[in-house]
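Only one structure is covered here, and it is reproduced in the block below.
The values are calculated or read from the model by the stated rules, or taken from the named source; none is laboratory data. For clarity, every value in this text was computed on a predicted model and none was experimentally measured. As a convention, Cβ positions derive from the backbone with ideal geometry for all residues, glycine included, and neighbour counts pool all protein chains shown. For the accessible areas, the whole protein counts, side chains as well, though only heavy atoms, and no ligand, DNA or RNA atoms are used. Shrake-Rupley method; radii C 1.70, N 1.55, O 1.52, S 1.80 Å.
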Amino acid sequence: MPYTQGSEEGLPEAAVKRLREMRGEGGKKPLFTSDLTVNEFLLIKQVGFEPLGLVMGSSIYHIGFQMAGTFQNQELDVLTQAMYHARELAMTRMEEEADVLGADGIVGVRLTVNRQQWGENLAEFMAVGTAIKHSAGGNYRTVDNRPFTSDLSGQDFWTLTQTGFRPLSLVMGTCVYHVAHQGMMQALKRMGRNVEMENYTQALYDARELALSRMQAEAEAEQAVGIVGTRVEESSYGWGSHVIEYFAVGTAVTPVEGDHTIAVPQMMLSLKD
């Protein structure tokens, strides 16, 4: 389901009703919700943004099956595509909720994957964050007019704006990879020796590089100058010990203005015990 600005196709009726009431429609007073901490709330407002509401997207996805050679390193492209598509569905629905609220973007985005008990190959993909809008107006959306998305905390979002940059999009890359088993003769040759497991090293290297290169390609498509807060996560989701997903994710950023002066960092003394 591709993103279409203003579309509510992927949203349940109850979600649209809730979001519109939060905007003050239907005789309701405007009300925001968020998962921001009090400190994050303060810092978001300090840089001119107002929280509009907690937005989310969900997709329960059946993950297909793909055979792999026992002694072969290879990407499992069927599984890679499933993990990509399911996350994109969740992200798109979250962005649609932000559109209903009239948001410029979404901060604090969390992507989660939960395996469900009612089916061995079913998983729920969720995207959750807080929709925000700049009180002075302006265009903070992406090059294709989507709300910007970012997994930065409120503190990091504030710091990013102080450096003269703004977030464009949460960019990601994934690779599900089958790591070849070790043959009997290989195991015997290495028995009792200190030696690198070159087959395993190369497999994991390849898988990480594929995930990172795909994340970078998404940032390039957004015309970003860089990615901050990059994480590379490793999960197996019950596929077995020799099948692993590498998921690279970070926030693509762009300068707000060319001549911005970065403030000198200040020393802070915490009053906490």
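Descriptive notes on the structure:
- Residue selected from the range 204-230 under the condition open to solvent by 100 Å² or more (accessible area, probe 1.4 Å) and within 24 Å of S153 (Cα to Cα), by the criterion modelled with the lowest pLDDT: Q223
- On inspection, E88 does not qualify as in contact (Cβ under 8 Å) with a residue 12 or more places away in the chain and within 28 Å of N139 (Cα to Cα).
- Considering only residues in the range 148-168 that are open to solvent by 30 Å² or more (accessible area, probe 1.4 Å) and assigned to a loop (DSSP other than H, G, I, E, B), the one that is nearest to G129 (Cα to Cα) turns out to be D151.
- Flag if D99 is outside any strand (DSSP E or B) and open to solvent by 30 Å² or more (accessible area, probe 1.4 Å): no
- Test: residue in the range 51-66 that is closer than 19 Å to C175 by Cα and aliphatic (A, V, I, L, M): yes
- Lone unmet requirement of (1) at pLDDT 95 or above; (2) not in a strand (DSSP E or B) for A252: (2)
- Verdict on M94 being open to solvent by 10 Å² or more (accessible area, probe 1.4 Å), modelled with pLDDT of 95 or more and within 18 Å of the chain's Cα centre (by Cα): no
- Selection within the range 22-39 - among the small types (G, A, S), touching a helix residue (DSSP H, G or I) at 6+ places or on another chain (Cβ under 8 Å) and at pLDDT 90 or above: S34
- Scanning the range 75-83 finds no residues that are within 14 Å of the chain's Cα centre (by Cα), hydroxyl-bearing (S, T, Y), on the phi < 0 side of the Ramachandran plot and open to solvent by less than 20 Å² (accessible area, probe 1.4 Å).
- Qualifying residue in the range 191-203 (condition: open to solvent by 50 Å² or more (accessible area, probe 1.4 Å), of a type in the set (K, R) and either modelled with pLDDT of 70 or more or closer than 30 Å to T163 by Cα (or both)): yes
- Considering residues of the range 129-147 that are in a strand (DSSP E or B) and in contact with a Leu (Cβ under 7 Å, 6 or more places away or on another chain) only, the residue most open to solvent (accessible area, probe 1.4 Å): K133
- Scanning the range 203-234 for residues that are charged (D, E, K, R) and in contact (Cβ under 8 Å) with a residue 40 or more places away in the chain yields D206, R208, R214, E218, E222.
- Pairs are defined by a Cβ separation below 8 Å, a sequence spacing of at least 6 or placement on different chains, a first member in the range 1-19 that is on the phi < 0 side of the Ramachandran plot and surrounded by fewer than 16 Cβ atoms within 10 Å (Cβ to Cβ), and a second member that is part of a loop (DSSP other than H, G, I, E, B) and among the aliphatic types (A, V, I, L, M); the pairs so defined are E9/M1.
- The single residue among V109, V176 that is at pLDDT 95 or above, in contact with a helix residue (DSSP H, G or I) (Cβ under 8 Å, 6 or more places away or on another chain) and surrounded by 15 or more Cβ atoms within 10 Å (Cβ to Cβ) turns out to be V109.
- Lone unmet requirement of (1) loosely packed, with under 15 Cβ neighbours inside 10 Å; (2) in a helix (DSSP H, G or I) for L89: (1)
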